[in-house]
1. Out of the stretch 107-144, which residues are assigned to a helix (DSSP H, G or I), surrounded by fewer than 24 Cβ atoms within 10 Å (Cβ to Cβ) and β-branched (Val, Ile, Thr)?
2. Sort out which residues of the stretch 302-326 are over 19 Å from the mean Cα position of the chain (by Cα) and buried (at least 18 other Cβ atoms within 10 Å of the Cβ), and write them in order of number.
3. Take LEU23 and tell me if it is of a type in the set (A, V, I, L, M, F, W, C) and over 24 Å from the mean Cα position of the chain (by Cα).
4. Looking only at the stretch 2-12, decide whether some residue is among the small types (Gly, Ala, Ser), out of contact with any Asp or Glu (no Cβ under 9 Å at 6 or more places or on another chain) and surrounded by fewer than 17 Cβ atoms within 10 Å (Cβ to Cβ).
5. Out of the stretch 30-82, which residues are surrounded by 21 or more Cβ atoms within 10 Å (Cβ to Cβ) and part of a strand (DSSP E or B)?
6. Might you check whether a residue that is surrounded by 14 or more Cβ atoms within 10 Å (Cβ to Cβ) and within 16 Å of the ligand (Cβ to nearest atom) occurs anywhere in the stretch 87-102?
7. Exactly one of (1) part of a loop (DSSP other than H, G, I, E, B); (2) within 23 Å of the chain's Cα centre (by Cα) is unmet by PRO298. Its number?
8. With the requirement that a residue be basic (Lys, Arg) and either in a strand (DSSP E or B) or out of contact with any strand residue (DSSP E or B) (no Cβ under 6 Å at 6 or more places or on another chain) (or both), what does the stretch 301-326 give you?
Amino acid sequence: VLPGRAPVVAAVDWGGTWIRVALAAAGGALLAQARHRRPAGLDSQCNLVAGSVAALAADLGDRPAALGVGIAGITRGGVVESAVNIGITAPVDLAGILRAGTGLPVTVVNDTQAAALAEAGALGGGTHVLLTVGTGIGGAIVSAGALVTGNGAAGDFGHMVVAVDGPPCSCGGRGCLEQLVSGRVLDLAAQRLAATGGSPWLAARAAVPGQPGAGDFDAAARGAARRDVHAGDLDAAARAGDGAARAVLADAASALAAGLRSITAAVDPEVIVLGGGLLGRRAVLTRLVSDCWHDQRPHWSRAELRPALLGAEAGLRGAALIAARR
Ligand SMILES: [Zn+2]
């Protein structure tokens, strides 16, 4: 590091499919990045990260001062307690392994926590929350510019109970928000509406065009010449005026609004940032959630809903901020 020059930091966004690595300025701006398909086996993944950081540093001609990691799992200190999508089922001292592999000081947080830190950067001080709906639900809390992690997993809003006698959850509880609204759940809902013909639009979509049965709802219901429909198709169906698809999204919005009420009761945030693939800025679901929130928020709450701004870069930028602050 040259005298008088702000140090560069390294950042990793470690997901189930991709491992993204970047070098960044201390303020979070990305200077160079690489994306790698995640190999099987934790040793291979750690070697990949160390090698990628070294390669980017060589390209940039600058050695990073620290490494920040956001990983799709439950973290406590530098330890990953579990990260099912990454194959970690027992606690692993990931910070220790990466420190040995890179020679850098390492900080590890949950990937949504990292993203929240980056998204909150544009919001100033105060208490802000990020809620994402993608394959699952993610969440995190930032207060006065710092993450609020509790013992590690604070802000894991997918496990707020919104239906006391609802469906069972992987956490051991019932009626968790993630069991009512998630990509996984809405994929199944879309497929059910297509298979039963409950949604003519989705049934037509599921029938492969050009094949016998295209647009033939009975053939679609029998499972002939089908393609999978997904949560995203509910959005297109609702826009096309399909009442059944819209009703599924309205139920999802109602469950999310119940979650937002619980978040507000626990944290009383100024801003709730909505993100993830299913809560895009123009999604029907996002609009329905906003409508529900307008009608249902606690009268004392001033929490505003805002769209996430940083997209796929949020995790990397947040990991860089975490590295820069240690
Ligand atoms: Zn749960």
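The values are calculated or read from the model by the stated rules, or taken from the named source; none is laboratory data. Predicted model only: the values in this text are computed from it and were never measured. Glycine gets a Cβ as well: all are built from the backbone with ideal geometry, and neighbour counts include every protein chain shown.
1. The first filter runs over the stretch 107-144 and keeps only residues assigned to a helix (DSSP H, G or I), leaving 111-123.
Add one more test, that the residue is surrounded by fewer than 24 Cβ atoms within 10 Å (Cβ to Cβ), and what stays is 121-123.
Residues satisfying the conditions do not exist here.
2. Within the stretch 302-326, ALA303, ALA323, ALA324 meet the criteria.
3. Taking the combined requirement at face value, the residue does not satisfy it.
4. Yes, the stretch 2-12 contains at least one residue that is among the small types (Gly, Ala, Ser), out of contact with any Asp or Glu (no Cβ under 9 Å at 6 or more places or on another chain) and surrounded by fewer than 17 Cβ atoms within 10 Å (Cβ to Cβ).
5. The answer is LEU67, GLY68, VAL69, GLY70, ILE71, THR75, VAL80.
6. no
7. For PRO298, the exception is condition (2).
8. If the condition is that a residue be basic (Lys, Arg) and either in a strand (DSSP E or B) or out of contact with any strand residue (DSSP E or B) (no Cβ under 6 Å at 6 or more places or on another chain) (or both), then ARG302, ARG306, ARG317, ARG325 are the ones that fit.
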